């Protein structure tokens, strides 16, 4: 009991120093949590892509060249013993009048979209609305929150590619349970009509997504599709969805890699800040530790005293530093803050828990040097050195 | 009277561990700050150096960039009647345009209106990794008169009607297979071998990330009938606004933007990075200020007697405050010099980023500008002053007698 009270008082002997150390550790932990949350979001996005058994089929020369819409039938007919669902996508980008943010709208084949993307339109009513209404559009939850759109709203999006016109849509779903919070999906047949009306070439698509039944089928189609179209005017490049998505991520400042480096560096800063304090504490209490040792207390006690103090400060600062962003991005208007690619930032409690673990490690490492000094401390020398 | 500078320096050395640790924290913050800002400076320098104040870019309304724009043939006719449209005047000097005039490829009096075809090709990066989507621009000779800062730095201009391409200096430095004499596969199927006959610079601007080839050849290779954009030049800057109004108006119905503004808008993307940088560095800077404060409080505490002695000797309160401030400034500025030096080592390295507006990559150089150095030093000074003021004031308020008596 006495020990506990000693430990507790030890921490608050220099409240100002504890407070400042807490901030110097907690703030880097905040940055750590924010960067890890972004990387975590991107990774979950990619892992979800990997699980979907979907292939992305683009033009071999560049993703911006269109493919003939007729490829869908040819892909479906490649091997009837391996059923595959193919959904053509036409990228129209889009913008809302007078809003600067570019949208990422895709026009999908209405019949195969629900089967290719089973994570969308899980609600029977939404599914029925998609099938019934030509102007149906599915809006990612992040985008919906950003523009304040709800199911049932009428919205107008101006396409950034042919037909370039302002097209009216009805929001049928805001895809609440889907990992991708950004993308909008409208019906390809509706877009095709608009393209026809504006006099632009019809029957072209940006890329196809194909859903396979098994990973064996996926491997088969990955090579079979490209081989089939190799000697046509429009050869294809077939990749699994994860590879397809990661190429964009890698080219946008390589966020996952750079943020991981940044978060590692901030942890180093936290360690330095905490180590600084712990070594100062040690210097201040040299006489005390020497006295404890002279009284016959062993290394273990001195060890525990220093480690406990360091751990207590770092873990509580780390917890506060981690919960700050969690609270901010879950309950305050910051929720709407947009991050490139994954758009909305979910600070998950798992990430916070990880950060608290890191903070504990910071505490242990920061106290390592003082503990080492204390273990070797010889009371006689310590007392002699005092004034 | 002020305390001598050596007193400050020696004090720092006296507490080696905590001085070193504080030094590392400040150096790190400055390093991250200057590195992030040099990314932004590089991108801005590249996009900012692009365009002439007299040039106007015309796109199809709705299109957000040249690469997504298609201009119907019917819409091109009225553009020739744009008010204030300039006519080619002979250029001298080393620009590609001057060369084209000298060889008779450009004639005086041609209207300065250039149809351009923006397509892309995938090229491997020299550094490895994913292939990059690089912009390819199909141009007629008149384009060189409008983009007058384009200069052939090696090799020669392409010949109209030949499968030849000239490559931007930045593209050549960043992407593989663009050496003089090499062939680049271009075209919708990548089946046409274009020979690299020249390298061009464009005043450090975004055009240097591109490949240029004759428009007719690119149109044929990529099966593209329609131009992506039209660039035109007006007589003087005063003529820009009426020309833009004419093109946006009912008689043409296209979307015109001054070229400078077009590239400025592309640089908007960097605003996000600046905001992100400010938030990150702001949080880290506050953390660093607390770390400095901890060190300085400790410095004051362990020197109570010494400081009291100085006061007793007749040094004024403000001299004590100044001494502590100088001490911490010395530490922080040294640390920031160190952080700057480390990030300056990466200055000049080439990076590229994929614009989500044009879907093509922009190759740029990291740039350490005087502004960045000033910002970094300012942050270090702020961190240092914020961290030192409180402990320094406490030191100045010491009761001399009490402090001297206490061991």
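Top mean-square fluctuation among A:333, A:168, A:118, Gaussian network model of chain A, C-alpha springs under 10 Å?
A:333
Averaging over every viewing direction, what projected area does the convex hull of the Cα atoms of chain B cover, in nm²?
Values: hull surface 100.9 nm².
Taking a quarter of the hull surface, the average projection is 25.2 nm².
Using a 10 Å cut-off around each Cβ, can you sort A:219, B:208 from fewest to most neighbouring Cβ atoms?
Sorted ascending by nearby Cβ count, the order is A:219, B:208.
For the stretch A:137-211, divide the Cα radius of gyration by the Kirkwood radius and give the resulting Rg/Rh value with two decimals.
0.99
Just B:192, B:318, B:107 to compare: in a GNM of chain B, with alpha carbon springs under 10 Å, which one fluctuates most?
B:318
Note the direction-averaged projected area, equal to a quarter of the hull surface, for the Cα convex hull of the stretch A:1-139, in nm².
Computing the convex hull of the Cα atoms and averaging its projections yields 18.3 nm².
Need one number: nm distance between label points at residue A:375 and residue A:98, each 7 Å from Cα along Cα→Cβ, rounded to one decimal.
Spacing of the two 7 Å Cα→Cβ label points: 6.9 nm.
Please express the Cα-Cα pair-distance distribution P(r) of the stretch B:178-254 as a list of whole percents, one per 10 Å bin, running from 0 to the bin with the greatest distance.
15, 31, 30, 18, 6
What is the average number of partner chain Cβ atoms found within 10 Å of a Cβ in A:264-275? Let's see the in-between values first.
On the way: counts 0, 5, 7, 0, 3, 11, 3, 1, 9, 11, 3, 4.
Mean number of neighbouring Cβ atoms from other chains: 5.
Would you kindly state how much longer the chain becomes between residue A:176 and residue A:150 on full extension, computed as 0.36 nm times their sequence separation minus their alpha carbon distance, in nm to one decimal? Intermediate results must be reported in sequence, preceding the final value.
Numbers: separation 26, 0.36 × 26 = 9.36 nm, distance 1.12 nm.
Taking 0.36 nm per residue and subtracting the Cα distance, the gain is 8.2 nm.
If you average the sequence gap of Cα pairs under 8 Å that are 6 or more apart and divide by the length of the stretch A:61-234, what percent do you get for the contact order?
32
Working out 0.36 nm times the residue gap between residue A:6 and residue A:119, then minus their Cα-Cα distance, what length gain in nm do you get to one decimal?
Full extension of this stretch gives 35.0 nm more.
When the chain is fully extended, how far beyond the present Cα-Cα distance does residue B:183 get from residue B:378, taking 0.36 nm per residue of separation?
65.2 nm
Return the distance in nm (one decimal) between the two label points of a simple spin-label model at residue B:261 and residue B:345, each offset 7 Å from Cα along Cα→Cβ.
4.5
Volume per residue, Å³, of the convex hull around the alpha-carbon atoms of the stretch B:258-407?
Given the Cα convex hull of the stretch B:258-407, per-residue volume reads 129 Å³.
Provide the FRET efficiency to the nearest 0.05 for the residue A:261-residue A:327 pair, computing r from the beta carbons and using R0 = 35 Å.
The pair residue A:261/residue A:327 has a calculated efficiency of 0.85.
Relative contact order of chain A, please, whole-number percent, based on alpha carbon pairs below 8 angstrom and at least 6 residues apart.
This gives 27 percent for chain A.
Extent of the stretch B:52-266 along each principal axis, from alpha carbon coordinates, in Å, largest to smallest?
47, 38, 30
Running a GNM on chain B with Cα contacts under 10 Å, which residue among B:13, B:252, B:119 ends up with the highest mean-square fluctuation?
B:13
Among B:212, A:372, B:359, rank each residue by its count of other Cβ atoms within 10 Å, from fewest to most, as a rough exposure measure.
Going from least to most buried by this count: A:372, B:359, B:212.
What are the semi-axes of the equivalent ellipsoid of the stretch B:37-113, taken as the square roots of 5 times the eigenvalues of the Cα gyration tensor, listed largest first and rounded to whole Å?
Equivalent ellipsoid of the stretch B:37-113: 26, 23, 11 Å, largest first.
Which value does Rg/Rh take for the protein assembly as shown over its C-alpha atoms, Rh per Kirkwood?
Looking at the protein assembly as shown, the ratio lands at 1.07.
Quick one: Cα centre-to-centre distance for the stretch A:250-323 and the stretch A:213-247, in angstrom?
Here the two parts' Cα centres lie 51 Å apart.
Specify the angular offset, from 0 to 90 degrees and rounded to the nearest 10, of the alpha carbon long axis of helix A:241-251 from the longest principal axis of the alpha carbons in chain A.
Its long axis makes an angle of about 60 degrees.
Just how many % of Cα pairs in the stretch A:61-234 lie over 27 Å apart, if you round to the nearest whole percent?
Counting pairs separated by more than 27 Å, the tail of P(r) holds 28 percent.
Would you list A:189, A:240 from fewest to most Cβ contacts within 10 Å?
A:189, A:240
Averaged over its residues, how many other protein chain Cβ atoms are within 10 Å of peptide B:16-26's Cβ atoms?
Across B:16-26, the average partner-chain Cβ count within 10 Å equals 4.
Mark the label point 7 Å from the Cα of residue B:235 along Cα→Cβ and return the residues of the stretch B:70-88 whose backbone N is within less than 16 Å of it.
It comes to B:81-88, nothing else.
Taking chain B as the reference, fit the longest principal axis to its C-alpha atoms, fit the long axis of helix B:16-48 to the helix C-alpha atoms, and give the angle between the two in degrees, 0 to 90, nearest 10.
It is inclined by approximately 20 degrees.
Note the angle between two axes, namely the Cα long axis of helix A:215-229 and the longest principal axis of the Cα atoms of chain A, as a number of degrees from 0 to 90, rounded to the nearest 10.
50
Within a 10 angstrom radius of each residue's Cβ in B:296-303, how many Cβ atoms of other chains show up on average? Whole number is fine.
That works out to 3 on average.
Just to verify a number: FRET efficiency for residue B:319 and residue A:384, C-beta to C-beta distance, R0 = 30 Å, to 0.05?
Rounded to the nearest 0.05, the efficiency is 0.30.
For chain A, what is the Kirkwood estimate of the hydrodynamic radius, computed as the reciprocal of the mean inverse distance between distinct Cα atoms, to one decimal in Å?
On the way: mean 1/r = 0.0404 Å⁻¹.
Its Kirkwood hydrodynamic radius stands at 24.8 Å.
Quick one: compute the contact order of the stretch B:52-266, relative version, from alpha carbon pairs under 8 angstrom and 6+ residues apart, as a percent.
It comes to 33 percent, rounded to a whole number.
Binned at 5 Å from 0, what are the whole-percent values of the Cα-Cα distance distribution for the stretch B:319-407, short to long?
Whole-percent P(r) values from 0 Å outward: 3, 12, 14, 13, 11, 11, 9, 7, 6, 5, 4, 2, 2, 1, 0.
Rule-based calculations on the coordinates, nothing more; no lab input. The structure displayed is predicted, hence computed values, not measured ones. Here the Cβ is made from the backbone with ideal geometry for all residues, glycine too, and neighbour counts use every protein chain on show.
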